[in-house]
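The block underneath contains the structure these notes are about, expressed in structure tokens.
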Ligand SMILES: NC(=O)c1ccc[n+]([C@@H]2O[C@H](COP(=O)([O-])OP(=O)(O)OC[C@H]3O[C@@H](n4cnc5c(N)ncnc54)[C@H](OP(=O)(O)O)[C@@H]3O)[C@@H](O)[C@H]2O)c1
């Protein structure tokens, strides 16, 4: 195929930096890289495949026609600019929550619902789900496919990097301030200071008491599985971990469930790493993850008081699995389905 002109909007952010690294290693041929950020970063140079590419503001880069554009600069930028890039011919892969629930926009996790990208969407936009949704749906896909589910109840333990580079910096600076005894930690990126703390709020509250992150998990999971009746309820919690989201997931099935059957189903799934008490790896933790493209599942156990209930502990690198890798895998799927560029 002909090399592609690719834009990365939000190239200097936490997700953008991961995207550049993954795109560099991918087999997608690139003839031009449009790196876009705010005016604060304009003029910076970023290395890519042996060259150095300048960072530009979106108003100037918007004059170029791209084959593909990754958006990772927040919902407001996506809402304003993604349709313009798409109208000028780019296939847009959007990491924000701007279009995820738009019925005309495919919401795609390549390991779970690749069939939604067999043709190019008319609007030219494909949405990447929320980070906590991606690791959940990848972990439960083999079970949802063959076992009848009554409901899913989960609690998330979400890292500071979910709040971008500013989130990571706030956690590190705040922790140092507490340890040095010099400073009270600040709370600009999170509702209250995260250092040495746990915050049961990710995103704004709605009238029913749920947060935006909790609503995203429910709505996006239903859309990805095409199961509008899927019963799922969540509490999303921010924890003082720099990177890597964890989830305690309780699945209540309609029938009794066999632990061996569940383990076999999960073991067969590509991209899932299993942990158990019998091995030297009893469970995954966010800081010690080895393979950053996988979803790591441990503490799998049937509820002794109700044989229809199953617990799992699910950990993944949110910047990687939950954002950049999923986006690059969408791009690779689009390329292999011949939906971008002149082949
Ligand atoms: N972090 C995650 O785990 C995660 C997971 C899934 C999805 N997402 C989504 O991905 C997006 C980016 O998140 P992030 O964590 O990478 O945030 P981040 O670290 O704060 O990065 C934000 C990026 O947007 C750029 N930007 C800000 N204002 C801009 C403007 N006016 N024009 C062009 N670029 C602008 C920033 O440029 P400067 O460096 O110049 O400020 C930076 O490159 C968000 O929509 C987020 O919801 C994040």
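The values are calculated or read from the model by the stated rules, or taken from the named source; none is laboratory data. A quick note: this is a predicted structure, and the numbers were derived from the prediction, not measured. With ideal geometry, Cβ positions are generated from the backbone for all residues, glycine too; neighbour counts draw on all protein chains shown.
Go over the candidates 103, 83, 110 one by one and state the one that is surrounded by fewer than 23 Cβ atoms within 10 Å (Cβ to Cβ), within 16 Å of the ligand (Cβ to nearest atom) and over 19 Å from the mean Cα position of the chain (by Cα).
Values: 103 fails: within 16 Å of the ligand (Cβ to nearest atom); 110 fails: over 19 Å from the mean Cα position of the chain (by Cα).
Sole residue among the options that is surrounded by fewer than 23 Cβ atoms within 10 Å (Cβ to Cβ), within 16 Å of the ligand (Cβ to nearest atom) and over 19 Å from the mean Cα position of the chain (by Cα): 83.
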Of all residues in the stretch 40-80, which are at pLDDT 95 or above, within 15 Å of the ligand (Cβ to nearest atom) and in a loop (DSSP other than H, G, I, E, B)? 40, 41, 42, 44, 57, 66, 72, 73, 74
What number of residues within the stretch 22-34 are closer than 19 Å to residue 317 by Cα and either in contact with a helix residue (DSSP H, G or I) (Cβ under 8 Å, 6 or more places away or on another chain) or not assigned by TED's automatic domain parsing to the domain that holds residue 92 (or both)? 3
Which residues, counting only those in the stretch 121-145, are more than 16 Å from the ligand (Cβ to nearest atom), under 15 Å from residue 251 (Cα atoms) and at pLDDT 95 or above? 139, 140, 141, 142, 143, 144
(1) surrounded by fewer than 21 Cβ atoms within 10 Å (Cβ to Cβ); (2) closer than 18 Å to residue 332 by Cα all hold for residue 43 apart from (2)
Quick check: anything in the stretch 237-260 surrounded by fewer than 15 Cβ atoms within 10 Å (Cβ to Cβ), modelled with pLDDT of 95 or more and in a helix (DSSP H, G or I)? yes
Residue list for the stretch 193-205, filter: surrounded by fewer than 19 Cβ atoms within 10 Å (Cβ to Cβ) and either at pLDDT below 95 or within 22 Å of the chain's Cα centre (by Cα) (or both): 198, 199, 200, 201, 203, 204, 205
